[in-house]
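These notes are about the structure you will find just below.
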Number of protein chains: 2
Amino acid sequence: MDTENICDGDFENEGCKLRNPNLQSLSSDKLYHLGLGTETHDLESMFGDLKFVCIGGSAHRMKNFAQYIAEQLNIPTDLSDITGHAHRYSMFKVGPVLSISHGIGSPSLAVMLDELFKLLSYAKCKNVTIIRIGTCGGIGVQPGSLVVTNKTVDGLLRPIYEQYILGEVVHREAILDQNLVEEVKEISREFTHYETVIGSTMCANDFYESQGRIDGSVCNYMEADKLKFLNKLHDAGVRNIDMECTTLAAKCYLVNIKCVIINVALINRLKGDQISLSPDKYKEFETRPQELAALFIKRKLQTKN
Amino acid sequence: MDTENICDGDFENEGCKLRNPNLQSLSSDKLYHLGLGTETHDLESMFGDLKFVCIGGSAHRMKNFAQYIAEQLNIPTDLSDITGHAHRYSMFKVGPVLSISHGIGSPSLAVMLDELFKLLSYAKCKNVTIIRIGTCGGIGVQPGSLVVTNKTVDGLLRPIYEQYILGEVVHREAILDQNLVEEVKEISREFTHYETVIGSTMCANDFYESQGRIDGSVCNYMEADKLKFLNKLHDAGVRNIDMECTTLAAKCYLVNIKCVIINVALINRLKGDQISLSPDKYKEFETRPQELAALFIKRKLQTKN
């Protein structure tokens, strides 16, 4: 078992640092799941101006976000799906903002990130920030609250992303930029009709057993066991559970890209397991991370100009 | 660490056996990611006649398969997406066949399966077979060959699905029905213009490092290390790598549902990493597992009638 730390943390002045010497001997690179490639696309002219990549599970949400940020930044967009023809992820570009879906769970996110990082590198993008705008189950927070993640842990409460590489267990440190967390928290004060909490996020590999739900197809424990576990998480500073956070933090850290994770809590898991929001309430909640992300982006662009 | 085996293997005469006593105290159950529920939908009348559930990564492929099986079985269909409004998975029903996407990777599949199993149970379906029609990287097999999986292993070559439940490591046996493997292999003899291989499948949690590719965003090994690993896999009987197999095998086994995994090899990984098939060749290859699944379904329905 091996813990690696090969990122030098110089976020500000550098682009995406691919950590793969083998890429230098590739004559061309096909980003298979994105349906893009160095031979078929002029990636620098398509993406060279990117400063923000917003990511989230569903294609539907990320299309909505693209529409929303276009209105907020007053940038015309045709909302065409750049990667739709590859049938895996959906990607929309609005000026300096990319909005892309990652599906559900760490492996789906990992595939997208590997190709996104190569895209950012080939396109010579500098100083890009990734913002995850997701949904989650909260722990001891009111439904509708936002959780900005300052620490990510796996299902055994370890701050790592575990991979099996060439038959060996490899642990990558899942570290987030704390200044960015504070910056986002500061901006969140403008939204006063709900709470924004800073806390740890646990990354789970399914929705039911791995999140301690008692309503899956298989469950060998009872309500009391669940509550004991969720309270243990709460005591450890965990305020929500998602299915991507350690992977996002570790993979971004490895290639020198800053990221911030903003999830809205759809429920308080200390009160129950089933999500039974009305469609209107769901839509309102789902929009909150998007509003915060958009305000963050606007402030950053104002500071820059 | 705990190995569980709570399935009694009586596949023929029983339906989906949910292993969760807590469900009995639920007054209603919302299948959140499918956008279906016991209170809002008459699941038995909608799904009670199901005998086959075909699953695959992309919504696009599963819609194509629904169209194809409708033609093969001569059943009219409007190809409406039953779960599209929930924005996570796509589901199409054609008579006794359900065609549903599971996204990329084990967690995305696990979420779908948990809700599918509850759906099958609530709908009182009996003797259902799940067929995964996927794509994969082959190991020592010609591109375009089909691999029917007889054994699934994780990235450490263990025949298990590992979960973290309430902070503990739980191992579920990832076991496949060998009779079903032989049955599908027998039917595959009718397709003579390509090979169908029986072998082990390794389940990976990303597309690049975990599959030993040297063209990801991060890679700390070289071509020779990769080949050593792939040859080790080949010596152990592994003929392909996908991102879902152990999870599918273990979860189905737990709830007494038979499943078979048919993947088409898009490349031979001993020869390279990048997938550079022409669109026409890709479409032809992607269709092969669908043809085999459709023929299997037709034979089964003929035997029954």
- request: Just the number, please: percent antiparallel of the DSSP beta bridges in the protein assembly as shown, rounded to the nearest 5.
  value: 35 percent
query: So what's the convex hull volume per residue for the Cα atoms of chain B, in Å³?
result: 145 Å³
query: What GluC sites (Glu not before Pro) does the stretch B:16-77 have in DSSP loop regions with at most 11 other beta carbons within 10 Å?
result: B:GLU39
- request: Could you pull out the GluC sites (Glu not before Pro) across the stretch A:129-205 that fall in loop regions by DSSP (anything but H, G, I, E, B) with no more than 12 other Cβ atoms inside 10 Å?
  value: A:GLU190
field: Sites A:SER27 and B:LYS271 - FRET efficiency at Förster radius 22 Å, r taken between beta-carbons, to 0.05
entry: 0.85
- prompt: When each copy gets a label point 7 Å from Cα toward the beta-carbon at A:GLN274, what are the spacings between them in nm, shortest first?
  reply: 5.1
query: GluC sites (Glu not before Pro) within the stretch B:203-259: which are DSSP loop residues with at most 11 other Cβ atoms inside 10 Å?
result: none
statement: For the protein assembly as shown, using Cα atoms only, the Rg and Dmax in Å read 23.0, 73
field: Computed [θ] at 222 nm, deg cm²/dmol, chain B (DSSP H ≥ 4; -39,500 (n - 2.57); rounded to nearest 500)
entry: -10000 deg cm²/dmol
- prompt: Residues of A:14-25, mean number of Cβ from any other protein chain within 10 Å of their own Cβ, rounded to a whole number?
  reply: 4
query: Using modelled backbone amide H atoms (1.01 Å from N, in-plane), which distant-in-sequence or interchain residues come within less than 5 Å of A:GLU244's amide H?
result: A:ALA204
task: Can you find, among B:HIS102, B:GLN302, B:LEU79, the residue farthest towards the positive end of the dipole of chain B? Put +1 on the C-beta of Lys and Arg, -1 on that of Asp and Glu.
output: B:GLN302
- request: Give the shape of the stretch B:1-154 as rounded, prolate or oblate, defined through the alpha-carbon gyration tensor: a ≥ b ≥ c are the square roots of its eigenvalues, a/c under 1.5 means rounded, and otherwise the shape is prolate if a/b is larger than b/c and oblate if not.
  value: oblate
message: For A:LEU301, place a label point 7 Å from Cα along the Cα-to-Cβ direction in every copy; what are the distances to the other copies, in nm, shortest first?
response: 5.3
message: Restricting to bridges with both residues inside the stretch A:3-304, how much of the DSSP beta-bridge set is antiparallel, in percent to the nearest 5?
response: 35 percent
statement: Which of A:LYS63/B:LYS298; A:LYS151/A:LYS226; A:LYS63/A:LYS300 exceed 30 Å between C-alpha atoms? The answer is A:LYS63/B:LYS298
task: Once the label point is placed 7 Å from Cα along Cβ, list for B:LEU26 the distances to the corresponding points in the other copies, in nm, shortest first.
output: 4.2
field: Exposed trypsin sites (Lys or Arg not before Pro) absent: longest stretch of chain B, with sites in DSSP loops and at most 10 other Cβ within 10 Å deemed exposed
entry: B:1-188
statement: In the structure shown, of A:LYS93/A:LYS124; A:LYS30/B:LYS232; A:LYS283/B:LYS93, the pairs separated by more than 18 angstrom at the C-alpha atoms are A:LYS30/B:LYS232; A:LYS283/B:LYS93
Check: the protein assembly as shown dipole with +1 on Lys, Arg Cβ and -1 on Asp, Glu Cβ, in debye: 500 debye
- line: Given unit charges at Cβ for Lys, Arg (+) and Asp, Glu (-), the dipole magnitude of the stretch B:3-304 about its Cα centre in debye, nearest 20, is 380 debye
task: Please name which of A:PHE191, A:HIS234, A:GLY137 has its Cα lying farthest along the dipole of chain A towards the positive end, using unit charges on Cβ (Lys, Arg +1; Asp, Glu -1) and the Cα centre as origin.
output: A:PHE191
query: From the square roots a ≥ b ≥ c of the eigenvalues of the alpha-carbon gyration tensor of the stretch B:111-215, which class results: rounded (a/c under 1.5), prolate (a/b over b/c), or oblate?
result: oblate
- line: Here the gain from full extension of B:LEU295 to B:GLU71, 0.36 nm per residue of separation minus their alpha-carbon distance, amounts to 79.4 nm
task: Please give the average number of partner chain Cβ atoms lying within 10 Å of the Cβ of each residue in B:108-118, rounded to a whole number.
output: 6
- prompt: What's the angle, to the nearest 10 degrees (0 to 90), between helix A:223-235's Cα axis and the longest principal axis of chain A?
  reply: 60 degrees
- prompt: With all pairs of different alpha carbon atoms counted, what Kirkwood hydrodynamic radius in Å does the stretch A:184-303 show?
  reply: 16.3 Å
- request: Would you mind pulling out the separation of the Cα centroids of the stretch B:75-109 and the stretch B:268-305, in Å?
  value: 18 Å
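Rule-based calculations on the coordinates, nothing more; no lab input. Everything quoted here is computed from the prediction, not taken from an experiment. For neighbour counting, all protein chains shown are included, and Cβ atoms are generated from backbone atoms with ideal geometry for every residue, glycine included.
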